[in-house]
Amino acid sequence: MKMNILIIISIIICGASCENLVDHAYIIKIQNNSKDTVQFYESYNYPDTSMDVTMPLLKMVYPSKYSSLESKKEWDEVLVSPKDTISIFILSKDTVDKYGWDKIRSDYNVLKRYDLSLDDLKKLSWKVTYP
């Protein structure tokens, strides 16, 4: 009987606090509908839409697949004024493989740049589709 009470108490305590132990990611999907592999990175410097001076971490998106941009905070906590717009830079994997970052940056070799507010992302159902 005492063992059953201890199990019930443990379940109640864990139920109340285990939610804090689980990491939750808030996701923006980047869908690649092209026939080529692309890479992307995000910037929170809008309205400055220049590319990062140093090469950022690029995420790969294969043809007809998607990759995720994740945040541990809800996006409405991340995208707050004055930085309430995220820029997503889509680059060709072939270009990244062939040229150095300085050349890519100086020539602005970007396939597409999306500047998206929180409202834009909600309207897109958290999915950015290239092209």
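The values are calculated or read from the model by the stated rules, or taken from the named source; none is laboratory data. Keep in mind that what you see is a predicted model, and the values were worked out from it rather than measured. Here the Cβ positions follow ideal geometry from the backbone for every residue, glycine too, while neighbour counts run over all protein chains shown. SASA here: full protein model, heavy atoms, side chains in, ligands and nucleic acids out. Shrake-Rupley method; radii C 1.70, N 1.55, O 1.52, S 1.80 Å.
Translational diffusion coefficient, Stokes-Einstein: compute it for region 27-100 using the Kirkwood radius over C-alpha pairs as Rh, at 10 °C and 1.306 mPa s, and state it as an integer in µm² s⁻¹.
119 µm²/s
Among the listed pairs Lys35/Lys103; Lys59/Lys98; Lys103/Lys127; Lys73/Lys112, give every one whose C-alpha distance is greater than 21 Å.
Lys35/Lys103; Lys103/Lys127; Lys73/Lys112
In region 47-83, which residues have a backbone nitrogen under 16 Å from the label point lying 7 Å from Lys29's Cα in the Cα-to-Cβ direction?
Label zone hits: 61-71.
Can you pull out the GluC sites (Glu not before Pro) in region 47-105 whose DSSP state is coil and whose Cβ has at most 14 other Cβ atoms within 10 Å?
Glu74
Quick one: how many Å² of Tyr46 are accessible to a 1.4 Å probe, rounded to 10?
Probe radius 1.4 Å; accessible area of Tyr46 about 80 Å².
Hey, rough spin-label estimate for Lys59 and Val110, points 7 angstrom out along Cα→Cβ, what's it come to in nanometres?
1.7 nm
Heavy-atom accessible area of Lys127 with all protein chains present, probe 1.4 Å, nearest 10 Å²?
Near enough 90 Å² of accessible area.
Roughly speaking, what is the stretch gain from Trp126 to Asp48, that is 0.36 nm per residue apart minus the C-alpha to C-alpha distance, in nm to one decimal?
Taking Trp126 through Asp48 to full extension adds about 25.8 nm, to one decimal.
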